[in-house]
Amino acid sequence: MKCQKCDKPSTFHITELTDGKPVELHLCEEHAREYLTQSSQEPTTASSMAAVLAQQMAQQMAVGQTAEELAELDQQICPCCGISFYDFRSQGRLGCPHDYSCFAPQLEPLILNVHGETKHVGKIPRHAADRSEAQTRLIQLRRQMEESVADENYERAGQLRDEIRRIEQSEEIQ
Amino acid sequence: MELNDLARGPGEWLRGSGPEADIVISSRIRLARNLAAFPFVSRASESDRARVEELLRTRVLQIQDASQLLYVDVERLAGVDRQFLVERHLISREHAESHGSRAVAIDGHETFSLMINEEDHLRIQVMHSGLDLDGAWEQVNRLDDLIEEKLTYAFHDELGYLTACPTNVGTGMRVSVMLHLPALVLTRQIEKVFRSLQKISLAVRGLFGEGSQAMGDFYQISNQITLGQSEQELVKQVADIVPVIIDYERQARDFLFRESHQNLNDRVSRDYGILRSAKKISSEETMRRLSSVRMGVNLGLIEGLDIPVLNELFIHTQPAHLQKLIGSELESEDRNVERALYLQRYLQSHTRGDESERN
(Lines give C-alpha, C1' and ligand atoms only; values in the text may rest on other atoms or scores of the structure.)
Protein backbone atom coordinates (compact mmCIF):
# COMPACT_ATOMS: atom_id res chain seq x y z
CA MET A 1 0.00 0.00 0.00
CA LYS A 2 1.27 3.45 -0.92
CA CYS A 3 1.56 6.39 1.46
CA GLN A 4 -1.43 8.70 1.08
CA LYS A 5 0.83 11.71 0.66
CA CYS A 6 3.61 10.42 -1.58
CA ASP A 7 4.66 7.38 -3.62
CA LYS A 8 6.64 5.64 -0.90
CA PRO A 9 5.23 2.48 0.65
CA SER A 10 3.15 3.16 3.75
CA THR A 11 4.66 1.67 6.87
CA PHE A 12 2.56 3.45 9.47
CA HIS A 13 -1.13 2.80 9.77
CA ILE A 14 -2.85 5.23 12.07
CA THR A 15 -6.44 5.05 13.15
CA GLU A 16 -7.89 8.34 14.36
CA LEU A 17 -11.20 8.59 16.13
CA THR A 18 -12.97 11.54 14.57
CA ASP A 19 -16.42 12.23 16.06
CA GLY A 20 -16.39 8.72 17.39
CA LYS A 21 -15.75 7.20 13.97
CA PRO A 22 -12.46 5.51 13.09
CA VAL A 23 -10.62 7.10 10.15
CA GLU A 24 -7.66 5.22 8.78
CA LEU A 25 -4.47 6.86 7.56
CA HIS A 26 -1.69 5.08 5.70
CA LEU A 27 1.60 6.96 5.69
CA CYS A 28 5.29 6.49 5.07
CA GLU A 29 7.63 7.08 7.99
CA GLU A 30 8.41 10.66 7.03
CA HIS A 31 4.78 11.71 6.63
CA ALA A 32 3.75 9.79 9.73
CA ARG A 33 6.25 11.76 11.77
CA GLU A 34 5.07 15.00 10.20
CA TYR A 35 1.45 14.08 10.84
CA LEU A 36 2.07 13.11 14.44
CA THR A 37 4.06 16.19 15.32
CA GLN A 38 1.31 18.31 13.80
CA SER A 39 -1.63 16.58 15.35
CA SER A 40 -0.37 16.20 18.88
CA GLN A 41 0.66 19.31 20.72
CA GLU A 42 1.80 17.25 23.68
CA PRO A 43 5.52 17.22 24.41
CA THR A 44 5.39 13.46 24.96
CA THR A 45 6.28 12.41 21.44
CA ALA A 46 7.80 9.23 22.86
CA SER A 47 4.42 7.99 24.02
CA SER A 48 2.67 8.88 20.77
CA MET A 49 5.37 7.00 18.89
CA ALA A 50 4.78 4.07 21.20
CA ALA A 51 1.08 4.18 20.40
CA VAL A 52 1.90 4.23 16.70
CA LEU A 53 4.17 1.24 17.10
CA ALA A 54 1.38 -0.58 18.86
CA GLN A 55 -0.97 0.32 16.01
CA GLN A 56 1.58 -0.82 13.49
CA MET A 57 1.84 -4.14 15.18
CA ALA A 58 -1.90 -4.55 15.30
CA GLN A 59 -1.88 -4.06 11.53
CA GLN A 60 0.65 -6.86 11.14
CA MET A 61 -1.47 -9.14 13.24
CA ALA A 62 -4.44 -8.40 11.07
CA VAL A 63 -2.87 -10.45 8.29
CA GLY A 64 -4.68 -13.76 8.32
CA GLN A 65 -6.99 -12.84 11.15
CA THR A 66 -10.63 -11.98 10.97
CA ALA A 67 -12.07 -8.87 12.54
CA GLU A 68 -13.69 -10.98 15.24
CA GLU A 69 -10.43 -12.68 16.12
CA LEU A 70 -8.75 -9.30 16.28
CA ALA A 71 -11.46 -7.86 18.49
CA GLU A 72 -11.15 -10.88 20.73
CA LEU A 73 -7.40 -10.37 21.11
CA ASP A 74 -8.01 -6.71 21.83
CA GLN A 75 -10.38 -7.54 24.62
CA GLN A 76 -8.16 -10.03 26.34
CA ILE A 77 -7.51 -8.80 29.88
CA CYS A 78 -4.50 -9.32 32.12
CA PRO A 79 -5.78 -11.07 35.26
CA CYS A 80 -3.07 -9.36 37.24
CA CYS A 81 -3.30 -5.61 36.50
CA GLY A 82 -6.62 -5.59 34.66
CA ILE A 83 -5.65 -3.82 31.44
CA SER A 84 -6.92 -5.07 28.11
CA PHE A 85 -4.68 -5.39 25.09
CA TYR A 86 -6.70 -2.56 23.58
CA ASP A 87 -5.66 -0.34 26.51
CA PHE A 88 -2.05 -1.04 25.68
CA ARG A 89 -2.59 -0.40 21.99
CA SER A 90 -4.16 2.97 22.62
CA GLN A 91 -1.73 4.17 25.30
CA GLY A 92 1.51 2.44 24.33
CA ARG A 93 2.19 1.51 27.96
CA LEU A 94 1.84 -1.87 29.61
CA GLY A 95 0.15 -2.26 33.00
CA CYS A 96 2.38 -4.74 34.83
CA PRO A 97 5.28 -7.19 34.29
CA HIS A 98 2.82 -10.06 33.83
CA ASP A 99 1.49 -8.43 30.63
CA TYR A 100 4.62 -9.68 28.87
CA SER A 101 3.49 -13.25 29.56
CA CYS A 102 -0.22 -12.76 29.20
CA PHE A 103 -0.03 -10.79 25.92
CA ALA A 104 3.02 -12.69 24.66
CA PRO A 105 1.55 -13.72 21.28
CA GLN A 106 0.43 -10.16 20.54
CA LEU A 107 3.64 -8.54 21.78
CA GLU A 108 6.12 -10.78 20.03
CA PRO A 109 5.73 -9.25 16.54
CA LEU A 110 5.96 -5.76 18.02
CA ILE A 111 9.12 -6.56 19.93
CA LEU A 112 10.66 -8.21 16.88
CA ASN A 113 9.76 -5.19 14.78
CA VAL A 114 11.34 -2.71 17.21
CA HIS A 115 14.45 -4.62 18.24
CA GLY A 116 14.96 -7.19 15.50
CA GLU A 117 15.45 -9.76 18.26
CA THR A 118 13.33 -11.46 20.88
CA LYS A 119 15.94 -12.75 23.27
CA HIS A 120 17.80 -10.85 25.98
CA VAL A 121 21.53 -11.55 26.05
CA GLY A 122 22.68 -8.93 28.55
CA LYS A 123 22.90 -8.58 32.30
CA ILE A 124 20.94 -10.91 34.60
CA PRO A 125 19.99 -9.75 38.10
CA ARG A 126 21.69 -11.73 40.85
CA HIS A 127 18.44 -12.97 42.29
CA ALA A 128 16.43 -13.26 39.11
CA ALA A 129 12.76 -13.52 39.81
CA ASP A 130 12.21 -17.21 40.41
CA ARG A 131 9.64 -15.84 42.83
CA SER A 132 7.83 -14.07 40.01
CA GLU A 133 4.61 -15.99 40.69
CA ALA A 134 4.39 -14.61 44.20
CA GLN A 135 5.23 -11.12 42.93
CA THR A 136 2.53 -11.33 40.29
CA ARG A 137 0.07 -12.54 42.89
CA LEU A 138 0.86 -9.50 45.03
CA ILE A 139 -0.03 -7.10 42.23
CA GLN A 140 -3.35 -8.89 41.77
CA LEU A 141 -4.17 -9.01 45.49
CA ARG A 142 -3.38 -5.33 46.04
CA ARG A 143 -5.70 -4.40 43.19
CA GLN A 144 -8.47 -6.61 44.55
CA MET A 145 -8.00 -5.10 48.00
CA GLU A 146 -8.40 -1.58 46.65
CA GLU A 147 -11.50 -2.62 44.74
CA SER A 148 -12.96 -4.15 47.91
CA VAL A 149 -12.31 -0.94 49.81
CA ALA A 150 -13.98 1.04 47.02
CA ASP A 151 -17.00 -1.31 47.24
CA GLU A 152 -16.99 -0.88 51.04
CA ASN A 153 -16.52 -4.62 51.37
CA TYR A 154 -14.21 -4.25 54.35
CA GLU A 155 -14.34 -7.85 55.44
CA ARG A 156 -13.00 -9.02 52.10
CA ALA A 157 -10.44 -6.18 52.08
CA GLY A 158 -9.21 -7.32 55.49
CA GLN A 159 -8.78 -10.91 54.33
CA LEU A 160 -6.88 -9.72 51.28
CA ARG A 161 -4.66 -7.50 53.41
CA ASP A 162 -3.75 -10.47 55.61
CA GLU A 163 -2.89 -12.57 52.59
CA ILE A 164 -0.74 -9.75 51.15
CA ARG A 165 1.13 -9.47 54.47
CA ARG A 166 1.66 -13.22 54.58
CA ILE A 167 3.22 -13.26 51.11
CA GLU A 168 5.27 -10.13 51.80
CA GLN A 169 6.71 -11.68 54.95
CA SER A 170 7.59 -14.92 53.24
CA GLU A 171 9.44 -12.84 50.65
CA GLU A 172 12.41 -11.40 52.45
CA ILE A 173 13.14 -9.27 49.42
CA GLN A 174 10.47 -6.97 47.98
CA MET B 1 22.50 18.93 50.61
CA GLU B 2 20.06 21.50 49.26
CA LEU B 3 18.75 22.17 45.80
CA ASN B 4 20.11 25.72 45.82
CA ASP B 5 23.65 24.39 46.30
CA LEU B 6 23.53 23.11 42.75
CA ALA B 7 22.66 26.38 41.01
CA ARG B 8 26.10 28.06 41.06
CA GLY B 9 28.00 25.21 39.42
CA PRO B 10 27.56 23.91 35.88
CA GLY B 11 26.79 20.33 36.87
CA GLU B 12 28.81 17.33 35.75
CA TRP B 13 27.53 17.24 32.19
CA LEU B 14 28.67 20.78 31.37
CA ARG B 15 31.90 20.73 33.35
CA GLY B 16 33.79 20.88 30.07
CA SER B 17 36.58 18.46 30.82
CA GLY B 18 37.36 14.89 29.89
CA PRO B 19 38.45 13.42 26.56
CA GLU B 20 37.40 15.30 23.40
CA ALA B 21 35.54 17.85 25.57
CA ASP B 22 35.57 20.52 22.85
CA ILE B 23 33.03 18.45 20.90
CA VAL B 24 31.79 15.73 23.25
CA ILE B 25 29.97 17.51 26.06
CA SER B 26 29.05 14.45 28.07
CA SER B 27 28.38 10.72 28.14
CA ARG B 28 25.21 9.37 29.68
CA ILE B 29 23.79 5.93 30.37
CA ARG B 30 20.42 5.16 31.85
CA LEU B 31 18.86 1.90 32.96
CA ALA B 32 15.09 1.39 33.26
CA ARG B 33 14.05 -0.90 36.13
CA ASN B 34 10.75 -1.96 37.71
CA LEU B 35 9.89 -3.73 40.94
CA ALA B 36 8.37 -7.14 40.27
CA ALA B 37 5.64 -6.89 42.91
CA PHE B 38 3.94 -3.73 41.62
CA PRO B 39 2.07 -2.64 38.53
CA PHE B 40 3.95 -0.31 36.17
CA VAL B 41 3.66 3.39 37.02
CA SER B 42 0.88 4.30 34.59
CA ARG B 43 -1.33 1.58 36.10
CA ALA B 44 -0.25 1.97 39.74
CA SER B 45 -2.68 3.33 42.34
CA GLU B 46 -1.51 6.20 44.50
CA SER B 47 -0.82 3.78 47.34
CA ASP B 48 1.23 1.54 45.02
CA ARG B 49 3.23 4.56 43.90
CA ALA B 50 3.79 5.71 47.47
CA ARG B 51 4.97 2.22 48.46
CA VAL B 52 7.34 1.98 45.47
CA GLU B 53 8.72 5.42 46.33
CA GLU B 54 9.23 4.38 49.96
CA LEU B 55 10.97 1.10 49.07
CA LEU B 56 13.32 2.76 46.63
CA ARG B 57 13.99 5.74 48.91
CA THR B 58 14.90 3.40 51.77
CA ARG B 59 17.28 1.48 49.55
CA VAL B 60 18.90 4.60 48.07
CA LEU B 61 19.52 6.03 51.55
CA GLN B 62 21.19 2.76 52.55
CA ILE B 63 23.67 2.87 49.72
CA GLN B 64 24.56 6.58 49.67
CA ASP B 65 25.69 8.73 52.58
CA ALA B 66 22.91 11.28 53.23
CA SER B 67 25.36 14.20 53.36
CA GLN B 68 26.30 13.41 49.77
CA LEU B 69 22.79 12.93 48.52
CA LEU B 70 19.99 15.22 47.49
CA TYR B 71 16.64 13.47 47.73
CA VAL B 72 13.88 15.55 46.20
CA ASP B 73 10.13 14.99 46.44
CA VAL B 74 9.23 16.15 42.93
CA GLU B 75 5.50 16.17 43.62
CA ARG B 76 5.86 18.85 46.28
CA LEU B 77 8.48 20.87 44.46
CA ALA B 78 7.76 24.42 43.20
CA GLY B 79 7.38 24.83 39.43
CA VAL B 80 10.59 26.82 39.01
CA ASP B 81 12.58 24.17 40.89
CA ARG B 82 11.20 21.39 38.70
CA GLN B 83 12.15 23.39 35.64
CA PHE B 84 15.59 23.92 37.18
CA LEU B 85 16.13 20.15 37.46
CA VAL B 86 14.96 19.65 33.86
CA GLU B 87 17.44 22.28 32.66
CA ARG B 88 20.23 20.42 34.47
CA HIS B 89 19.14 17.12 32.85
CA LEU B 90 18.61 15.61 36.29
CA ILE B 91 14.96 14.84 35.59
CA SER B 92 12.96 14.51 32.39
CA ARG B 93 10.29 16.96 31.34
CA GLU B 94 7.70 14.17 31.78
CA HIS B 95 8.87 13.61 35.34
CA ALA B 96 8.54 17.33 36.08
CA GLU B 97 5.05 17.55 34.64
CA SER B 98 3.36 14.32 35.77
CA HIS B 99 1.35 13.77 38.97
CA GLY B 100 1.48 11.57 42.05
CA SER B 101 4.28 10.29 44.29
CA ARG B 102 7.59 10.65 42.53
CA ALA B 103 11.10 11.68 43.42
CA VAL B 104 14.67 12.07 42.30
CA ALA B 105 17.90 11.26 44.16
CA ILE B 106 21.05 13.09 43.06
CA ASP B 107 24.62 12.70 44.28
CA GLY B 108 26.76 15.70 45.28
CA HIS B 109 28.74 15.76 42.04
CA GLU B 110 25.63 15.28 39.91
CA THR B 111 27.13 12.21 38.27
CA PHE B 112 24.00 10.20 38.92
CA SER B 113 20.30 10.84 39.21
CA LEU B 114 17.75 8.22 40.16
CA MET B 115 14.25 9.05 38.98
CA ILE B 116 11.59 7.25 40.96
CA ASN B 117 8.13 6.69 39.42
CA GLU B 118 8.89 8.22 36.08
CA GLU B 119 7.72 6.01 33.17
CA ASP B 120 9.30 3.09 35.01
CA HIS B 121 9.62 2.66 38.78
CA LEU B 122 13.30 3.45 38.59
CA ARG B 123 15.47 5.18 36.03
CA ILE B 124 19.15 5.07 36.97
CA GLN B 125 21.08 7.69 35.07
CA VAL B 126 24.81 8.37 35.14
CA MET B 127 26.46 11.34 33.45
CA HIS B 128 30.17 11.89 32.92
CA SER B 129 31.84 14.92 31.40
CA GLY B 130 33.46 14.41 27.98
CA LEU B 131 33.70 11.05 26.24
CA ASP B 132 33.66 8.45 28.99
CA LEU B 133 31.06 5.79 28.23
CA ASP B 134 33.06 3.00 29.85
CA GLY B 135 33.33 4.94 33.11
CA ALA B 136 29.62 5.73 32.97
CA TRP B 137 28.73 2.08 32.36
CA GLU B 138 30.91 0.96 35.27
CA GLN B 139 29.19 3.40 37.63
CA VAL B 140 25.64 2.70 36.48
CA ASN B 141 26.23 -1.05 36.62
CA ARG B 142 27.52 -0.79 40.20
CA LEU B 143 24.56 1.35 41.30
CA ASP B 144 22.18 -1.14 39.70
CA ASP B 145 23.86 -4.04 41.56
CA LEU B 146 23.66 -2.21 44.88
CA ILE B 147 20.00 -1.31 44.54
CA GLU B 148 19.11 -4.82 43.43
CA GLU B 149 20.67 -6.46 46.49
CA LYS B 150 17.56 -5.74 48.53
CA LEU B 151 14.86 -5.45 45.87
CA THR B 152 13.45 -7.76 43.24
CA TYR B 153 13.31 -6.35 39.73
CA ALA B 154 10.78 -7.42 37.14
CA PHE B 155 12.84 -9.76 34.98
CA HIS B 156 11.89 -12.33 32.35
CA ASP B 157 14.13 -15.23 31.31
CA GLU B 158 13.66 -14.58 27.61
CA LEU B 159 12.99 -10.86 27.48
CA GLY B 160 15.27 -9.54 30.21
CA TYR B 161 14.36 -6.50 32.28
CA LEU B 162 10.68 -5.73 31.84
CA THR B 163 9.72 -2.12 31.18
CA ALA B 164 6.47 -0.18 30.88
CA CYS B 165 7.11 0.37 27.20
CA PRO B 166 8.27 -2.59 25.06
CA THR B 167 10.70 -0.28 23.26
CA ASN B 168 12.94 -0.40 26.37
CA VAL B 169 12.65 -4.11 27.19
CA GLY B 170 15.78 -6.29 27.49
CA THR B 171 18.67 -4.27 28.86
CA GLY B 172 16.47 -1.25 29.60
CA MET B 173 19.53 0.70 28.60
CA ARG B 174 19.92 3.95 26.73
CA VAL B 175 23.50 4.97 25.95
CA SER B 176 23.97 8.54 24.76
CA VAL B 177 26.58 11.13 24.03
CA MET B 178 25.91 14.83 23.80
CA LEU B 179 27.82 16.54 21.05
CA HIS B 180 28.38 20.17 20.09
CA LEU B 181 28.29 20.30 16.29
CA PRO B 182 28.17 23.96 15.19
CA ALA B 183 30.34 23.55 12.08
CA LEU B 184 28.28 20.66 10.72
CA VAL B 185 25.18 22.84 11.17
CA LEU B 186 26.84 25.86 9.55
CA THR B 187 28.03 23.83 6.53
CA ARG B 188 24.57 22.20 6.27
CA GLN B 189 25.94 18.69 6.57
CA ILE B 190 24.14 17.78 9.75
CA GLU B 191 21.11 16.21 8.04
CA LYS B 192 23.39 13.92 6.08
CA VAL B 193 25.05 12.73 9.28
CA PHE B 194 21.63 12.10 10.84
CA ARG B 195 20.41 10.03 7.94
CA SER B 196 23.44 7.79 8.06
CA LEU B 197 23.07 7.34 11.82
CA GLN B 198 19.42 6.37 11.48
CA LYS B 199 20.42 3.65 9.05
CA ILE B 200 22.45 1.98 11.77
CA SER B 201 19.65 2.25 14.35
CA LEU B 202 21.00 5.21 16.26
CA ALA B 203 18.67 8.01 17.26
CA VAL B 204 19.58 11.69 17.08
CA ARG B 205 17.80 14.50 18.77
CA GLY B 206 18.42 18.08 19.76
CA LEU B 207 19.52 18.49 23.31
CA PHE B 208 17.49 21.59 23.94
CA GLY B 209 14.24 21.93 22.07
CA GLU B 210 12.98 19.72 19.26
CA GLY B 211 13.64 19.52 15.55
CA SER B 212 16.78 19.30 13.50
CA GLN B 213 18.11 22.81 14.23
CA ALA B 214 18.74 22.09 17.88
CA MET B 215 19.20 25.07 20.14
CA GLY B 216 22.86 25.81 20.70
CA ASP B 217 23.82 23.13 18.14
CA PHE B 218 23.81 20.44 20.83
CA TYR B 219 22.82 16.96 19.71
CA GLN B 220 22.31 13.71 21.50
CA ILE B 221 23.10 10.41 19.83
CA SER B 222 21.76 7.22 21.39
CA ASN B 223 20.94 3.57 20.74
CA GLN B 224 17.39 2.71 19.72
CA ILE B 225 17.52 -1.03 20.23
CA THR B 226 17.63 -2.37 23.78
CA LEU B 227 17.06 -6.11 23.26
CA GLY B 228 19.26 -8.81 21.75
CA GLN B 229 22.59 -7.11 22.43
CA SER B 230 24.60 -7.04 25.62
CA GLU B 231 25.20 -3.81 27.53
CA GLN B 232 28.84 -3.82 26.42
CA GLU B 233 27.80 -4.18 22.79
CA LEU B 234 25.35 -1.31 23.11
CA VAL B 235 28.04 0.89 24.67
CA LYS B 236 30.42 -0.06 21.88
CA GLN B 237 27.87 0.70 19.18
CA VAL B 238 27.61 4.32 20.34
CA ALA B 239 31.29 4.63 21.31
CA ASP B 240 32.41 3.47 17.85
CA ILE B 241 30.45 6.11 15.98
CA VAL B 242 31.56 9.08 18.11
CA PRO B 243 35.12 9.39 16.69
CA VAL B 244 33.63 9.36 13.20
CA ILE B 245 31.33 12.29 13.98
CA ILE B 246 34.11 14.14 15.82
CA ASP B 247 36.18 13.77 12.69
CA TYR B 248 33.39 15.17 10.47
CA GLU B 249 32.93 18.13 12.80
CA ARG B 250 36.68 18.86 12.86
CA GLN B 251 36.84 18.66 9.08
CA ALA B 252 33.94 21.08 8.80
CA ARG B 253 35.64 23.45 11.26
CA ASP B 254 38.91 23.26 9.32
CA PHE B 255 37.05 23.93 6.11
CA LEU B 256 35.37 27.03 7.55
CA PHE B 257 38.61 28.18 9.09
CA ARG B 258 40.50 27.80 5.80
CA GLU B 259 37.94 28.75 3.21
CA SER B 260 36.06 31.55 4.88
CA HIS B 261 38.29 32.65 7.66
CA GLN B 262 37.24 36.28 7.53
CA ASN B 263 33.53 35.53 7.45
CA LEU B 264 33.83 33.08 10.29
CA ASN B 265 35.93 35.43 12.36
CA ASP B 266 33.47 38.26 11.72
CA ARG B 267 30.48 36.12 12.65
CA VAL B 268 32.01 34.77 15.84
CA SER B 269 33.25 38.20 16.93
CA ARG B 270 29.87 39.80 16.31
CA ASP B 271 28.16 37.10 18.36
CA TYR B 272 30.65 37.67 21.17
CA GLY B 273 30.07 41.42 20.92
CA ILE B 274 26.31 41.03 21.24
CA LEU B 275 26.60 38.73 24.24
CA ARG B 276 28.81 41.30 25.96
CA SER B 277 26.74 44.34 25.20
CA ALA B 278 23.07 43.49 24.57
CA LYS B 279 20.55 45.01 26.95
CA LYS B 280 17.79 42.44 26.32
CA ILE B 281 18.30 38.92 25.07
CA SER B 282 16.13 35.80 24.82
CA SER B 283 17.26 32.36 25.92
CA GLU B 284 17.18 31.14 22.33
CA GLU B 285 19.35 33.96 21.00
CA THR B 286 21.77 33.48 23.89
CA MET B 287 22.20 29.80 23.06
CA ARG B 288 22.75 30.51 19.38
CA ARG B 289 25.42 33.11 20.03
CA LEU B 290 27.09 31.15 22.84
CA SER B 291 27.36 28.20 20.47
CA SER B 292 29.14 30.32 17.91
CA VAL B 293 31.48 31.83 20.52
CA ARG B 294 32.22 28.37 21.89
CA MET B 295 33.39 27.26 18.45
CA GLY B 296 35.35 30.53 18.13
CA VAL B 297 37.23 29.79 21.34
CA ASN B 298 37.96 26.22 20.25
CA LEU B 299 39.35 27.52 16.95
CA GLY B 300 41.49 30.16 18.64
CA LEU B 301 39.51 33.06 17.13
CA ILE B 302 38.59 34.38 20.56
CA GLU B 303 41.17 34.62 23.29
CA GLY B 304 41.02 35.10 27.01
CA LEU B 305 37.85 33.08 27.49
CA ASP B 306 37.67 29.48 28.76
CA ILE B 307 35.30 26.75 27.62
CA PRO B 308 34.06 25.97 31.17
CA VAL B 309 32.94 29.62 31.49
CA LEU B 310 30.87 29.29 28.32
CA ASN B 311 29.48 25.96 29.45
CA GLU B 312 28.32 27.59 32.66
CA LEU B 313 26.64 30.35 30.72
CA PHE B 314 24.71 27.82 28.63
CA ILE B 315 23.09 26.55 31.79
CA HIS B 316 22.95 29.74 33.90
CA THR B 317 21.03 31.65 31.24
CA GLN B 318 18.22 29.07 31.04
CA PRO B 319 14.96 30.50 32.44
CA ALA B 320 14.77 28.61 35.76
CA HIS B 321 18.50 28.91 36.45
CA LEU B 322 18.44 32.63 35.86
CA GLN B 323 15.55 33.05 38.28
CA LYS B 324 17.25 30.96 40.93
CA LEU B 325 20.54 32.83 40.55
CA ILE B 326 18.79 36.18 40.80
CA GLY B 327 16.61 34.94 43.62
CA SER B 328 13.18 35.93 42.34
CA GLU B 329 10.58 34.76 39.85
CA LEU B 330 10.47 36.87 36.71
CA GLU B 331 8.25 37.23 33.65
CA SER B 332 9.80 36.47 30.28
CA GLU B 333 10.40 40.16 29.36
CA ASP B 334 12.14 40.88 32.65
CA ARG B 335 14.18 37.73 32.29
CA ASN B 336 15.51 38.95 28.95
CA VAL B 337 16.77 42.13 30.63
CA GLU B 338 18.29 40.22 33.56
CA ARG B 339 19.86 37.68 31.22
CA ALA B 340 21.65 40.39 29.26
CA LEU B 341 22.91 41.93 32.50
CA TYR B 342 24.05 38.55 33.80
CA LEU B 343 25.94 37.78 30.58
CA GLN B 344 27.65 41.15 30.62
CA ARG B 345 28.84 40.85 34.20
CA TYR B 346 29.83 37.22 33.91
CA LEU B 347 31.82 37.67 30.73
CA GLN B 348 33.51 40.77 32.15
CA SER B 349 34.61 39.02 35.33
CA HIS B 350 35.61 35.76 33.66
CA THR B 351 37.78 36.93 30.79
CA ARG B 352 41.51 37.17 31.05
CA GLY B 353 43.42 40.23 29.88
CA ASP B 354 40.36 42.23 30.80
CA GLU B 355 41.19 44.93 33.31
CA SER B 356 37.73 44.80 34.91
CA GLU B 357 37.51 43.92 38.58
CA ARG B 358 36.50 40.43 39.64
CA ASN B 359 33.62 39.85 42.01
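The values are calculated or read from the model by the stated rules, or taken from the named source; none is laboratory data. All figures in this text were calculated on a predicted structure; none of them were measured in a lab. Here Cβ is always computed from backbone atoms with ideal geometry, including for glycine, and neighbour counts include all displayed protein chains. Quick note on the areas: whole protein, heavy atoms, side chains included, nothing else; ligands and nucleic acids left out. Shrake-Rupley method; radii C 1.70, N 1.55, O 1.52, S 1.80 Å.
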**Request:** Provide the solvent-accessible area of A:HIS31, counting protein heavy atoms only and rolling a 1.4 Å probe, rounded to the nearest 10 Å².
**Result:** 30
**Whole-number accessible area per residue in Å² for the range B:260-350, which is evaluated in the context of all protein chains at 1.4 Å** = 44
**Message:** What does the charge count around B:ILE91 come to, taking other residues whose C-beta lies under 13 Å from its C-beta (Lys +1, Arg +1, Asp -1, Glu -1)?
**Reply:** -3
**Item:** For the protein assembly as shown, with +1 on Lys and Arg beta carbons and -1 on Asp and Glu, the positive-most of A:ALA71, B:ALA32, B:VAL193 along the dipole
**Value:** B:VAL193
**Asked** Label B:ARG352 and A:GLU147 with points 7 Å out from Cα along Cα→Cβ: what is the distance between them in nm?
**Response** 7.1
**Request:** Show A:MET1, B:MET215, B:MET173 ordered by accessible area, largest first, where the area counts protein heavy atoms only and the probe is 1.4 Å.
**Result:** A:MET1, B:MET215, B:MET173
**Prompt:** In deg cm²/dmol and to the nearest 500, what is the mean residue ellipticity at 222 nm of chain B if only DSSP H runs of at least 4 residues count, each as -39500 (n - 2.57), divided by the residue total?
**Reply:** -14500 deg cm²/dmol
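Using unit Cβ charges (K, R positive; D, E negative) and no other charged atoms, how large, in debye to the nearest 20, is the dipole of chain B about its Cα centre?
Working: 42 positive and 55 negative charges, 170 e Å.
Using Cβ point charges on Lys, Arg, Asp and Glu, chain B gives about 820 debye.
Just to check, using Stokes-Einstein with a Kirkwood Rh over alpha carbon pairs, what's the diffusion coefficient of chain B at 4 °C and 1.567 mPa s in µm²/s?
Details: Rh = 21.4 Å.
Roughly 60 µm²/s, to the nearest whole number.
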**Request:** Quick one: accessible surface of B:ASP240, probe radius 1.4 Å, all protein chains present, in square angstrom to the nearest 10.
**Result:** 80
**Complete:** Projecting the Cα atoms of A:CYS96, A:GLN140, A:PRO125 onto the charge dipole of the range A:86-161, where Lys and Arg contribute +1 and Asp and Glu -1 at Cβ, the residue farthest towards the positive end is A:PRO125
**Asked** In nm, to one decimal, how far is the modelled label at B:HIS109 from the one at B:SER201, with both set 7 Å along Cα→Cβ?
**Response** 3.3
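Throw me the Rg/Rh for the range A:67-115, computed over C-alpha atoms with Kirkwood Rh, two decimals. Write down the numbers at each step before the final one.
Numbers: Rg = 10.3 Å, Rh = 11.0 Å.
That ratio equals 0.94.
Using the Cα centre of the protein assembly as shown as the reference point, and only Cβ charges (+1 on K/R, -1 on D/E), how large is the resulting charge dipole? Debye, rounded to the nearest 20. Numbers along the way, then the final one.
Working: 60 positive and 83 negative charges, 255 e Å.
The dipole magnitude comes to about 1220 debye.
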**Complete:** Proximal lysine pairs in the range B:189-337, meaning Cα under 30 Å and 8 or more positions apart or interchain, come to 4
**Asked** Accessible area, 1.4 Å probe, largest first: how do A:THR136, B:THR171, B:THR58 sort?
**Response** B:THR58, A:THR136, B:THR171
**Request:** Report the charge-dipole magnitude of the range A:80-153 in Debye, nearest 20, computed about the Cα centre from +1 at each Lys and Arg Cβ and -1 at each Asp and Glu Cβ.
**Result:** 400
**Asked** For the range A:79-174, with equal point scatterers placed on the C-alpha atoms only and solvent neglected, what are the log10 I(q)/I(0) values from the Debye formula at q = 0.11, 0.12, 0.13, 0.14 1/Å, to two decimals?
**Response** -0.45, -0.53, -0.61, -0.69
**Fill in**
If amide H atoms are modeled at 1.01 Å from N in the peptide plane, then the residues at a separation of 5 or more from B:LEU35, or on another chain, having amide H under 5 Å from its own are B:HIS121, B:ALA154
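Is the shape of the range B:228-359 best called rounded, prolate or oblate, per the rule: a/c under 1.5 gives rounded, else a/b larger than b/c gives prolate, else oblate, with a ≥ b ≥ c the square roots of the Cα gyration tensor eigenvalues?
Numbers: a/c = 2.27, a/b = 1.36, b/c = 1.67.
Here the range B:228-359 falls in the oblate category.
For chain B, which DSSP H helices look membrane-span-like by this rule: Cα extent along the axis of 20 Å or more and mean Kyte-Doolittle of at least -0.5? Numbers along the way, then the final one.
Numbers: long enough: B:46-63 (26 Å, -0.61); B:133-148 (22 Å, -0.53); B:231-259 (42 Å, -0.28); B:261-277 (24 Å, -1.25); B:283-298 (22 Å, -0.72); B:332-349 (25 Å, -1.18).
Those that pass (Cα extent of 20 Å or more, hydropathy at least -0.5) are B:231-259.
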